[in-house]
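Data first, discussion second: the structure below is written as structure tokens.
The values are calculated or read from the model by the stated rules, or taken from the named source; none is laboratory data. What you see is a predicted model; the values in this text were computed from it and never measured. A quick note on method: Cβ atoms are made from the backbone with ideal geometry, for glycine too, and the neighbour counts reach across all protein chains shown. When the accessible area is computed, the model is the full protein with side chains, heavy atoms only, and any ligands, DNA or RNA have been set aside. Shrake-Rupley method; radii C 1.70, N 1.55, O 1.52, S 1.80 Å.
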Amino acid sequence: MGKVITGERFVEHEDELDVKNQEEGQIYPMNGIKIDKGFYTLFELNRRFNASPKRVILDSDFQREDVWSPEGKAELVESVLMGLPLPIFYFSQDKYGNLIVVDGRQRLTALFSYMNDDYKLKNLKILPDVNDRKFSELSPVQKARIEDFQIQAHVIMPPTPDRIKFDIFDRVNRGGMRLNKQEMRNALYQGAATRLLKTLSESDSFKEATGKAFVREKRMKDKYILTRYITFYLYRNHALKDEKGEPYVYKDDIDELLGLGMDALNHMGEAELQKIEKLVLDGLKKSYFYLGEDGFRLSGGERRSPINMNVFETVMFIMQFLPFEKETVKNRIRNEVKNLLDKKEFRENIGNHRDGAARLKWRLEQAKKVGRLFEGC
């Protein structure tokens, strides 16, 4: 088993996860921005939160943990009872009408939790008569004050592109840790997609095939390379659709493409999801058998290189066509993969504009050519 790597980058070109990073020449789509102002009662939001499935999304992995003290939560409820205005909330509404909380998760979590009778109010000084009371123990007038309280929110509406959403997320969350694109994507597309990515990234097969490079990863770079591979697989198999229901045509907007991939996963049946999970796990196992723990790294240079996301997706595409753990072709497979990755044309392909449609198509076609050499072995 490989050693845990410290003091180096997890993924080559990981800077592209930064919100401000974009390919030279890309135009910011100003005409795609759509933000509405809305007013919501706490009763309505809590009803949506308690619905099945939830229609207000709070519990996203990218958000900070619930760190409010009992006193802080109680003071927030007290402010609502007093009718004091709260700072503006930010939501993102998806195309299904669900509200994803961009800014205000801690406040809504505290309020919903109180309205669901999870705690009692403590140490209030302005309204001491409600101390030691749960929501159900308040008077009808006090309950109504909380339920009828209106919050003001700015709502990012569809079809605002993900690139713009990421920029808005970044601006409104600057008070804390700056989030990267995959963390934001994880918030926008919670559901089957995020659960699958978590399962795959925590699997023994992923840890072995990547040489344990991500065991201390906290910023979802492991989930990012998995998202890319799965999305490219779905795209090549015409499983992604545009707004008209037609096969999606990739036009160099990688954030839009990856968003479509996660959305597609969220609306797959269990059998389809299991097929994707098996595809990825089988590919990881084959990669480890044929290439070892450095199979997703570029060779050359004095130091061991980081995991390369373009190598990851290329190698994983090759693995789709290979037999399971066949010793007689192991050396041939290793040599063919190495020859492809060492080619000058491949190295140029994964340089600037590596996520352009033409370059992506070339990589996947080259991977298919190598894989097809071993079909039927």
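Observations
- Test: residue in region 53-64 that is part of a helix (DSSP H, G or I), at pLDDT 90 or above and open to solvent by less than 40 Å² (accessible area, probe 1.4 Å): no
- Test for residue 207: is it free of Cβ contacts under 8 Å to residues at least 12 places away in the same chain and either open to solvent by 20 Å² or more (accessible area, probe 1.4 Å) or at negative phi (or both): yes
The rows are residues; the columns are (1) assigned to a loop (DSSP other than H, G, I, E, B); (2) over 20 Å from residue 263 (Cβ atoms); (3) in contact with a Ser or Thr (Cβ under 8 Å, 6 or more places away or on another chain); (4) hydrophobic (A, V, I, L, M, F, W, C).
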site	(1), (2), (3), (4)
84	yes, yes, no, yes
123	yes, yes, no, no
129	no, yes, no, no
158	yes, no, no, no
167	no, no, no, no
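- The lone criterion from (1) surrounded by 16 or more Cβ atoms within 10 Å (Cβ to Cβ); (2) more than 26 Å from residue 321 (Cβ to Cβ); (3) among the acidic types (Asp, Glu) left unmet by residue 222 is number (2).
- Count - residues of region 125-174 that are under 22 Å from residue 42 (Cα atoms) and at pLDDT below 85: 1
- With respect to being out of contact with any helix residue (DSSP H, G or I) (no Cβ under 6 Å at 6 or more places or on another chain) and either β-branched (Val, Ile, Thr) or assigned to a helix (DSSP H, G or I) (or both), residue 145 falls outside the description.
- Subset of region 274-316 [open to solvent by 60 Å² or more (accessible area, probe 1.4 Å) and aromatic (Phe, Trp, Tyr)]: 288
- Answer residue from region 237-249, given it is buried (at least 18 other Cβ atoms within 10 Å of the Cβ) and not hydroxyl-bearing (Ser, Thr, Tyr) and is farthest from residue 183 (Cα to Cα) among those: 239
- Residue ID - surrounded by the fewest Cβ atoms within 10 Å (Cβ to Cβ), chosen from residues in region 67-104 that are acidic (Asp, Glu) and touching a residue at least 60 places away in the same chain (Cβ under 8 Å): 94
- The single condition among (1) of a type in the set (D, E, K, R); (2) in contact (Cβ under 8 Å) with a residue 60 or more places away in the chain; (3) farther than 16 Å from residue 309 by Cα that residue 221 does not satisfy is (3).
- Screening region 181-258 for helices (runs of 4 or more DSSP H) wholly inside it with 3 or more residues that are touching a strand residue (DSSP E or B) at 6+ places or on another chain (Cβ under 8 Å) and closer than 16 Å to residue 313 by Cβ returns the ranges 221-236.
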